[in-house]
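Inspection log for the structure reproduced underneath, given as structure tokens.
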Amino acid sequence: MKKIIITAIALIIGLSINAQEARNMPVGAKPTGKIAARWNNYERSQYFSVRTGLNVSQLYFSGMDVSSSSIAGFQIGFAAGWQLSSRTPLFAEVGISYSGKGASVVPPNVPPTLPVEGGYNKLRYRMHTLNIPVVLKYKIRMNQRNFSIQPLFGVYMNLGMGGNCQDFWSRTTTGSFDDNLDVFDAGLRLGCGMAYTNFYMELTYDIGLVNLAGKEGKFRYTDRMGYDDFDGGIRSGNLAITLGVEF
């Protein structure tokens, strides 16, 4: 993970230096080199992006008297997009990123196999995931040539890679996906981006559509949560603020 962060920072610094050199060129002079020419083409039909940002994720429980609160996490990744038609500024974009997610959960019941005088009745999920979104973006050019607003809509797929679940009652830690939540999640993504020259900011929200509890018997805290297959469900939500550089 440290290598990925260092590589992304080095790439952003290198691109920023290249852009500054291009801006210092005499008026009317053409930038030299493919990278400089691409950096200064703000109306490019294809782009590549390095991005990082903040997640505020949550787990939503249905059919259970469970209260939960959000947890902040970190994300870093890459995205690529291309214009679908020369007649309209509609772009398709696909990305891949590491995404830290989770939630704090207070079950309605204490563990039946543990003493009543246990610790605080809370579970804290922290999940390391691989996020793959596919979205459509419509770039609305504003009065200023280098500024655009980009509403977006699409889908995402999330794959669990690791993490843990802290049980504050029993003072034990288990895996987030070991006899617990499903490793696969998918749903809808909606949001809006904003770009100025090559710098990009985005606000998105992911709506999970997959029941992360899976089938009864897999979910570790079935009795403690009061979960059953008939009306029970656990679904995810994630608010993300992302910053990036496009070229």
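Readers should treat all values here as calculations from the given coordinates under stated rules, not as data from a laboratory. Just so it is clear, the model here is predicted, and its values are computed rather than measured. As a convention, Cβ positions derive from the backbone with ideal geometry for all residues, glycine included, and neighbour counts pool all protein chains shown.
Treating r as the C-beta distance of ASN143 and LEU239 and R0 as 35 Å, the FRET efficiency rounds to 0.75. Taking a Cβ cut-off of under 13 Å around PRO108, the surrounding Lys, Arg, Asp and Glu residues balance to a net charge of 0, with basic ones at +1 and acidic ones at -1. Net charge in the neighbourhood of GLY73 (other residues with Cβ under 10 Å of its Cβ; Lys, Arg +1, Asp, Glu -1) is +2. At an R0 of 45 angstrom, the distance between the Cβ atoms of THR88 and ASN121 translates into a FRET efficiency of 0.25.
Lys and Arg at +1, Asp and Glu at -1: add these up for the other residues within a Cβ distance under 11 Å of ASN121 and post the number.
Details: positive: LYS122, ARG224; negative: ASP167.
Net of charged neighbours comes to +1.
Under the simplified labelling scheme, the ASP65-VAL155 pair shows an inter-label distance of 3.8 nm, with each label point 7 Å from Cα along Cα→Cβ.
When peptides 238-246, 63-71 are sorted by average Cβ neighbour count within 10 Å, with the highest value leading, the order is 238-246, 63-71. Taking label points 7 Å from Cα along the Cα-to-Cβ direction, ASP223 and LEU190 give a separation of 4.1 nm. Taking 7 Å steps out from each Cα toward its Cβ at ALA80 and VAL134 produces label points 1.4 nm apart. Each peptide among 129-136, 88-95 gets the average number of other Cβ atoms lying within 10 Å of its residues, and from highest to lowest they stand as 129-136, 88-95.
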